[in-house]
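For reference, the structure is listed below as structure tokens.
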Amino acid sequence: MSVKTTINYSPNFSPIKRKSKQVKFIIFHYTGMKKESTSLRKLTDFQSEVSSHYLIKNSGEIVTLVPDLYVAWHAGISFWKNFISLNKNSIGIEISNPGHSHGYKKFSKMQINSLLKLCNFLIKKYNIKSENILGHADIAPSRKKDPGEKFPWEYLAKKKIGYWHNINQKKLIKNRKLQADNSEKKLFLKNLSQIGYSIKIPKNSNLNKAKYDKIVTKTFQRRFRQDLINGIIDQECLIISKNLAKKID
């Protein structure tokens, strides 16, 4: 099995080759720039010091920027479970999209179809667990929002890429905006930690606990409760977090 890509190598990667067993995560990003051409220039510009392994263009074309077994510079300061600085253990996939700052839009069908092909290939090749397929925001909630609430996580999970809860829609709506008490809010954050999110305030951050809790809650909502992103822990968020925490090994 292989995936057709075009090659436009970036100089931004670490020169020491890693072993395939070190690859444990796939991280999705959006490019977050107005023009696709500008994004590609940045990802291949030595001075930018950023890259990813792949870029998926609006047309669905897949561009290889860094070979899989070299460490691309896409995750930055990041945390998930017991992992820190996830560059060394992940494959980064950038998807062309202007992002929240430049007119965030839905991802095209052509992009998602290409993403399915690429991910199926990578999952099989590196034996990547569904729970280790993440967004940039998941691993860096205080810095990032991508790939955001318009990214089709639920659809991808149905195709066995990533994972999703199995709570019916009626139950979710019934519990939406129902207040959670302090003990339930603590349980929600505990569930997030079990899922993999870092619930500790990042070092050198000027955020207080309340602000960081709101940010990490919004991050969770952008992925698992995309209809309402308000940073408020309610009963719907709580039951989703319980359901997901049970799925984690």
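The values are calculated or read from the model by the stated rules, or taken from the named source; none is laboratory data. Source: prediction; values computed, not measured. Here the Cβ positions follow ideal geometry from the backbone for every residue, glycine too, while neighbour counts run over all protein chains shown.
Yes/no matrix, rows are residues, columns are (1) within 29 Å of TRP73 (Cα to Cα); (2) without any contact (Cβ under 8 Å) to a residue 12 or more places away in the chain; (3) not assigned by TED's automatic domain parsing to the domain that holds ALA75:
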{"site": "TYR163", "(1), (2), (3)": "yes, no, yes"}
{"site": "PHE188", "(1), (2), (3)": "no, no, yes"}
{"site": "SER193", "(1), (2), (3)": "yes, yes, yes"}
{"site": "PRO202", "(1), (2), (3)": "yes, no, yes"}
{"site": "ALA210", "(1), (2), (3)": "no, yes, yes"}
{"site": "LYS214", "(1), (2), (3)": "yes, no, yes"}
{"site": "THR217", "(1), (2), (3)": "yes, no, yes"}
{"site": "SER241", "(1), (2), (3)": "no, no, yes"}
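Would you check which residues across the stretch 128-171 are part of a loop (DSSP other than H, G, I, E, B), within 18 Å of ASN97 (Cα to Cα) and more than 10 Å from the chain's Cα centre (by Cα) and list them? Break it down stepwise before answering.
Within the stretch 128-171, the subset part of a loop (DSSP other than H, G, I, E, B) is 128-129, 140-152, 159-168.
Retained after the next criterion (residues that are within 18 Å of ASN97 (Cα to Cα)): 143-152.
The answer is ARG143, GLU149, LYS150, PRO152.
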Subset of the stretch 74-111, residues surrounded by fewer than 20 Cβ atoms within 10 Å (Cβ to Cβ) and of a type in the set (Val, Ile, Thr), comes to ILE77, ILE84
Mind listing whichever residues of the stretch 16-38 are in contact (Cβ under 8 Å) with a residue 40 or more places away in the chain, more than 13 Å from GLY92 (Cβ to Cβ) and of a type in the set (S, T, N, Q)? SER20, GLN22
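Residues to consider are LEU86, LEU65; find the one that is farther than 16 Å from PRO141 by Cα, of a type outside the set (Gly, Ala, Ser) and out of contact with any Cys (no Cβ under 9 Å at 6 or more places or on another chain).
One residue alone meets the criteria, LEU65.
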In the stretch 1-59, anything basic (Lys, Arg), under 22 Å from the mean Cα position of the chain (by Cα) and over 26 Å from ASN120 (Cα atoms) is listed as LYS34, LYS35, LYS42
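From the residues in the stretch 202-225 that are among the aliphatic types (A, V, I, L, M) and closer than 25 Å to GLN169 by Cα, which one is farthest from the chain's Cα centre (by Cα)? Before the answer, list the steps.
Filtering the stretch 202-225 for residues among the aliphatic types (A, V, I, L, M) gives 207, 210, 215-216.
Now drop any that are not closer than 25 Å to GLN169 by Cα, which leaves 215-216.
Values: ILE215: 15, VAL216: 13 Å.
Checking each candidate, the answer is ILE215.
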Within the stretch 226-247, can you find the residues that are of a type in the set (A, V, I, L, M) and either closer than 15 Å to ILE173 by Cα or in contact with a Lys or Arg (Cβ under 9 Å, 6 or more places away or on another chain) (or both)? LEU228, ILE229, ILE232, ILE233, LEU238, ILE239, ILE240, ALA245
Check HIS136 against each of (1) over 23 Å from SER59 (Cβ atoms); (2) touching a Phe, Trp or Tyr at 6+ places or on another chain (Cβ under 8 Å); (3) not polar (S, T, N, Q) and name the one condition it does not meet. (1)
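Mind checking which strands (runs of 3 or more DSSP E) fall wholly inside the stretch 1-113 and carry at least 3 residues that are outside the structural domain of ILE199 (by TED's automatic domain parsing) and basic (Lys, Arg)?
Details: elements: 25-30, 54-56, 62-64, 90-95.
In the stretch 1-113, no matching strands (runs of 3 or more DSSP E) lie anywhere.
Can you confirm whether ALA157 is hydrophobic (A, V, I, L, M, F, W, C) and surrounded by fewer than 22 Cβ atoms within 10 Å (Cβ to Cβ)?
On the way: hydrophobic (A, V, I, L, M, F, W, C): yes; surrounded by fewer than 22 Cβ atoms within 10 Å (Cβ to Cβ): yes.
So ALA157 passes the test.
For (1) surrounded by fewer than 20 Cβ atoms within 10 Å (Cβ to Cβ); (2) on the phi > 0 side of the Ramachandran plot; (3) charged (D, E, K, R), each residue gets a yes or a no:
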residue: GLU149; (1), (2), (3): yes, no, yes
residue: HIS165; (1), (2), (3): yes, no, no
residue: LEU178; (1), (2), (3): yes, no, no
residue: GLU184; (1), (2), (3): yes, no, yes
residue: LEU187; (1), (2), (3): yes, no, no
residue: LEU207; (1), (2), (3): yes, no, no
residue: LYS218; (1), (2), (3): yes, no, yes
residue: GLN221; (1), (2), (3): no, no, no
residue: LYS242; (1), (2), (3): yes, no, yes
Looking at the stretch 1-15, I want the residues that are at pLDDT below 95 and have a partner that is among the small types (Gly, Ala, Ser) with Cβ atoms under 9 Å, at least 6 apart or on another chain. Which pairs are those? VAL3/SER114
